[in-house]
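One structure is given here, and the rest of the page talks about it.
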Amino acid sequence: MIKITLPDNSVREYTKGVNGLEIARSISNRLAKDVLSITVNGEVWDLSRPINTDASINLHTWEAKEGKDTFWHSSAHLMAETIEHFYPGTKFGIGPTVDTGFYYDVELPDNKQLTDKDLVKIEQKMLELARQKNPIVRSEISKADALKLFSEKNDELKEELISELEDGTITLYNQGGFTDLCRGPHLPNTSYIKAIKLTSIAGAYWRGDENNKMLTRVYGVTFPKQKLLEEYLVMMEEAKKRDHRKIGKEMDLFTFSEAVGQGLPLWMPKGAQLREQLEMFLKKVQKKYGYDQVITPHIGDVNLYKTSGHYEKYGKDSFQPISTPAEGEEYLLKPMNCPHHCEIYNARPHSYKDLPLRYAEFGTVYRYEQSGELHGLTRVRSFTQDDAHIFCRPDQLKEEFKKVIDIIFIIFKALSFDDYVAQISLRDPNKPEKYIGSPENWDKAEKAIIEACEEKGLNTVTETGEAAFYGPKLDFMIKDALGRSWQLGTIQVDYNLPERFNLEYIGADDNRHQPVMIHRAPFGSMERFVAVLIEHTAGKFPLWLTPEQVVLLPISEKYNDYGQKVLNILNNYDIRTIIDDRNEKIGRKIRDNELKRVPYLLIIGEKEAETGTVSVRKQGDGDKGVMKLEEFAEFILKEVKGQLSGLNN
RNA sequence: GCCGGAGUAGCUCAGGGGUAGAGCGCAUCCUUGGUAAGGAUGAGGUCACGAGUUCAAUUCUCGUCUUCGGCUCCA
């Protein structure tokens, strides 16, 4: 007998060789039906794999990530089996799971390209194979035998993968007539898979290296119930409706023009107004936190970026230098603001008493992103960072870092962003050539970030090898409508630029010392931030951000004079309005989809004109009754303040 | 940059070797008193751009540009 410890720490005894499915069955029939995989002593296993020693276990259903992973992993194998069925001789790369679903990188014979029609065909065949309830069987194999097996299949992709594995750890999985190299775990059989959608085809380099050949990547997602698939498809449709490119167009926020150039956004009046609100908001917060605004040019001498090290990094892959009539003189469109701010710091000597100095600028930068990478406002070639650089003494670093975290919290709170991930990015210690600066300084900087996060009680994930080339950083990632993660706010510690630019301050000991620099951008960039904001709010912005807060609806042109008076008063209160002008000339006709996003409607007719009132409706919240004008203005202002409450202390 | 889709009216899209189509929007007029509406009329297009095949190309072929889904990269 062996002892099995369940997650609630209760212990049960089973005969040696019991498997996950049997354990589940001994607990409840329902669990036995739902369970997909099992964690045994920290390792996720197949349900059918015998357990021969005492173990602590955890059973995973569809609700658990491990359960979904197992499910989708088996689905990837099922898809591979089907692809091999239709295209014998297909070579298989890797077939992992992703956030929603799975993919498989394949190389089809005779340079065959898959089309959407093929996907439908494959889907149907997959369902057919799934229903055959073929058991998925694990077997161990020696490295030599594995290499032999896949070389017989002429699958050099798998051979390459196997050659890197250690002998004795190699396992195969087989279902139906299909055998694949795989660590597992897998479902007991294929019949768990009830609903299948192959979502897209894309090219992907073998092992992610653009020097390697391009494979065909087939994405799919599967579910244990048809209903879950339907829900998923509905969700995807909803997400498409929230796409910031679509809403941005509908609301006239921004546009692109071929004539101007790709990746260069043009902000339309309403979009500019939205952006201005955000800028004003952040400027106000920053003022409170002791920042000073600075302004710097959009270009800089090439040598400035050679000094900073950015040229080495960005030179070839960015916009090429601008030459001038003077020989040998070259300027670069600025890819970042830091060097300019360093030169501001350097403009005069500093005492330790001056620090920290915090220079802020909404600085527009230019980066030549690869053409295939451009995407709406989230990935552009000209964007404005809400940038600031903090120059401080080493002993002030942690404190300053924590204050920046505070600012980011203020912003996220004001906009109800609560599903963010904070990621600490550290250097890869095995690849020192990727980074500039001394290991000692890197250690100090990384320590400061980790401690600041701990002291702020911030939940973080840590990624090694993700640091910037000049220093470690803390990034805040937010998901867009389709669940893709975007980096927004960023805080980066930098011991490196101060050295390169010979930044100094005079300490209390009358000696020269080097300040530490913090780069930070709470929004990240205005472009990306607005994009994510649009998708989060589906275009229904918080009141204080709405390009228009109120629509006036004069009942007929007879009341235009009164309408004009209402407008003037609201303007005095700084309440942004538009007028739906079905009848007359004091406003403009407002499109339906635009109207849906304006929070307040004011109806103006005879009754209102006589009594000096307005009838108020709030979108999605019905009639608010008849109000005196001033009363209404106060009402709106109060709502705005309500949304910003808690930010002003 | 690479692989694969797409580019036709302001928007969403249909069409197809031989006068260019719809819905919505837009313009003008009429109607409309608690609503974001109804009617009539009308204006919008080098069918992304450039070559080629053809008696004839928006349609077929090739190239370029842009755009979409991915890959590498990044705010």
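Free of Cβ contacts under 8 Å to residues at least 12 places away in the same chain and either closer than 23 Å to residue A:62 by Cβ or in contact with a Cys (Cβ under 8 Å, 6 or more places away or on another chain) (or both): does that describe residue A:164? When the stated conditions are applied, residue A:164 does not pass them.
Within segment A:160-177, the set of residues being within 25 Å of residue A:85 (Cα to Cα), open to solvent by 60 Å² or more (accessible area, probe 1.4 Å) and small (Gly, Ala, Ser) comprises A:177 only.
Could you go through segment A:537-551 and let me know if any residue there is surrounded by 23 or more Cβ atoms within 10 Å (Cβ to Cβ), within 16 Å of RNA strand B (Cβ to nearest atom) and in a strand (DSSP E or B). There is at least one residue in segment A:537-551 that is surrounded by 23 or more Cβ atoms within 10 Å (Cβ to Cβ), within 16 Å of RNA strand B (Cβ to nearest atom) and in a strand (DSSP E or B).
Listed by position, the strands (runs of 3 or more DSSP E) contained in segment A:460-516 that have at least 2 residues being at positive phi form an empty set. When segment A:552-573 is filtered for residues that are within 13 Å of RNA strand B (Cβ to nearest atom), touching a strand residue (DSSP E or B) at 6+ places or on another chain (Cβ under 9 Å) and free of Cβ contacts under 8 Å to residues at least 40 places away in the same chain, only A:560 remains. Within segment A:393-411, does at least one residue satisfy the condition of being touching a Phe, Trp or Tyr at 6+ places or on another chain (Cβ under 9 Å), open to solvent by less than 60 Å² (accessible area, probe 1.4 Å) and on the phi > 0 side of the Ramachandran plot? No, there is no match, as no residue in segment A:393-411 is touching a Phe, Trp or Tyr at 6+ places or on another chain (Cβ under 9 Å), open to solvent by less than 60 Å² (accessible area, probe 1.4 Å) and on the phi > 0 side of the Ramachandran plot. Whether a residue is surrounded by 13 or more Cβ atoms within 10 Å (Cβ to Cβ), within 25 Å of the chain's Cα centre (by Cα) and not in a strand (DSSP E or B) was assessed, and residue A:277 passes this test.
If you scan segment A:205-231, which residues turn out to be within 12 Å of RNA strand B (Cβ to nearest atom) and buried (at least 16 other Cβ atoms within 10 Å of the Cβ)?
Once the filter is applied, which keeps residues that are within 12 Å of RNA strand B (Cβ to nearest atom) and buried (at least 16 other Cβ atoms within 10 Å of the Cβ), segment A:205-231 yields A:206, A:215, A:216, A:217, A:218, A:219.
Within segment A:46-63, the presence of at least one residue that is within 21 Å of residue A:171 (Cβ to Cβ) and charged (D, E, K, R) is confirmed.
Condition test on residue A:296, is it within 12 Å of RNA strand B (Cβ to nearest atom) and either open to solvent by less than 70 Å² (accessible area, probe 1.4 Å) or modelled with pLDDT of 90 or more (or both)?
Details: within 12 Å of RNA strand B (Cβ to nearest atom): no; either open to solvent by less than 70 Å² (accessible area, probe 1.4 Å) or modelled with pLDDT of 90 or more (or both): yes.
Criteria not met by residue A:296.
When segment A:65-110 is filtered for residues that are on the phi > 0 side of the Ramachandran plot and without any contact (Cβ under 8 Å) to a residue 60 or more places away in the chain, only A:110 remains. Kindly indicate the residue of segment A:435-474 that is away from RNA strand B (no atom under 16 Å from the Cβ) and hydrophobic (A, V, I, L, M, F, W, C) and also modelled with the lowest pLDDT among those meeting that condition. Ranking the qualifying residues of segment A:435-474, first place goes to A:442. Evaluating residue A:122 against the criteria (1) more than 16 Å from RNA strand B (Cβ to nearest atom); (2) in contact (Cβ under 8 Å) with a residue 24 or more places away in the chain; (3) open to solvent by less than 70 Å² (accessible area, probe 1.4 Å) leaves one unmet condition, (1).
Considering (1) within 30 Å of residue A:340 (Cα to Cα); (2) modelled with pLDDT under 90; (3) surrounded by 18 or more Cβ atoms within 10 Å (Cβ to Cβ); (4) not aromatic (Phe, Trp, Tyr), the lone condition that residue A:261 does not fulfil carries the number (3).
Out of the residues in segment A:188-246 that are among the small types (Gly, Ala, Ser) and assigned to a helix (DSSP H, G or I), which is nearest to residue A:479 (Cα to Cα)? Of everything passing the filter in segment A:188-246, A:239 is nearest to residue A:479 (Cα to Cα). Look at segment A:236-260: where a residue is more than 11 Å from RNA strand B (Cβ to nearest atom), no partner that is open to solvent by less than 50 Å² (accessible area, probe 1.4 Å) and aromatic (Phe, Trp, Tyr) sits 6+ places away or on another chain with Cβ atoms under 9 Å.
Which one is nearest to RNA strand B (Cβ to nearest atom), of the residues in segment A:330-377 that are in contact with a Phe, Trp or Tyr (Cβ under 9 Å, 6 or more places away or on another chain) and among the acidic types (Asp, Glu)? It comes out as A:343.
So, in segment A:144-159, of the ones that are of a type in the set (Lys, Arg) and open to solvent by 50 Å² or more (accessible area, probe 1.4 Å), which residue ends up modelled with the lowest pLDDT? Looking at residues that are of a type in the set (Lys, Arg) and open to solvent by 50 Å² or more (accessible area, probe 1.4 Å), I get A:153. Considering A:184, A:203, the condition of being without any contact (Cβ under 8 Å) to a residue 40 or more places away in the chain and under 30 Å from the mean Cα position of the chain (by Cα) is satisfied by A:203 alone.
Please verify whether segment A:475-485 includes one or more residues that are open to solvent by 10 Å² or more (accessible area, probe 1.4 Å) and modelled with pLDDT of 90 or more.
Initial filter on segment A:475-485 (open to solvent by 10 Å² or more (accessible area, probe 1.4 Å)): A:477, A:479-485.
In the following step, the residues that additionally are modelled with pLDDT of 90 or more were identified as none.
Within segment A:475-485, none of the residues are open to solvent by 10 Å² or more (accessible area, probe 1.4 Å) and modelled with pLDDT of 90 or more.
Of all residues in segment A:599-624, exactly one satisfies the criterion of being part of a loop (DSSP other than H, G, I, E, B), touching a helix residue (DSSP H, G or I) at 6+ places or on another chain (Cβ under 8 Å) and within 9 Å of RNA strand B (Cβ to nearest atom), namely A:605. Cβ separations smaller than 6 Å between residues 6+ apart or across chains give the following pairs from segment A:366-391 residues that are under 30 Å from residue A:504 (Cβ atoms) to residues that are in a strand (DSSP E or B) and within 7 Å of RNA strand B (Cβ to nearest atom): A:385/A:521; A:386/A:521; A:387/A:521. For segment A:490-534, a residue qualifies if it is open to solvent by 10 Å² or more (accessible area, probe 1.4 Å), of a type in the set (Asp, Glu) and in contact with a helix residue (DSSP H, G or I) (Cβ under 9 Å, 6 or more places away or on another chain), and the qualifying residues are A:499, A:504.
Within segment A:2-25, being within 22 Å of residue A:191 (Cβ to Cβ) and open to solvent by less than 90 Å² (accessible area, probe 1.4 Å) holds for A:19, A:20, A:21, A:22, A:23, A:24.
Open to solvent by less than 30 Å² (accessible area, probe 1.4 Å) and part of a strand (DSSP E or B), is that true of residue A:359?
Numbers: open to solvent by less than 30 Å² (accessible area, probe 1.4 Å): yes; part of a strand (DSSP E or B): yes.
Here the answer is yes, as residue A:359 does meet what is asked.
The values are calculated or read from the model by the stated rules, or taken from the named source; none is laboratory data. These numbers were taken from a predicted model, which means no experiment stands behind them. No Cβ is skipped: glycine too gets one built from the backbone with ideal geometry, and neighbour counts run over all protein chains shown. Accessible surface is based on the protein model in full, side chains and every heavy atom, while ligands, DNA and RNA are left aside. Shrake-Rupley method; radii C 1.70, N 1.55, O 1.52, S 1.80 Å.
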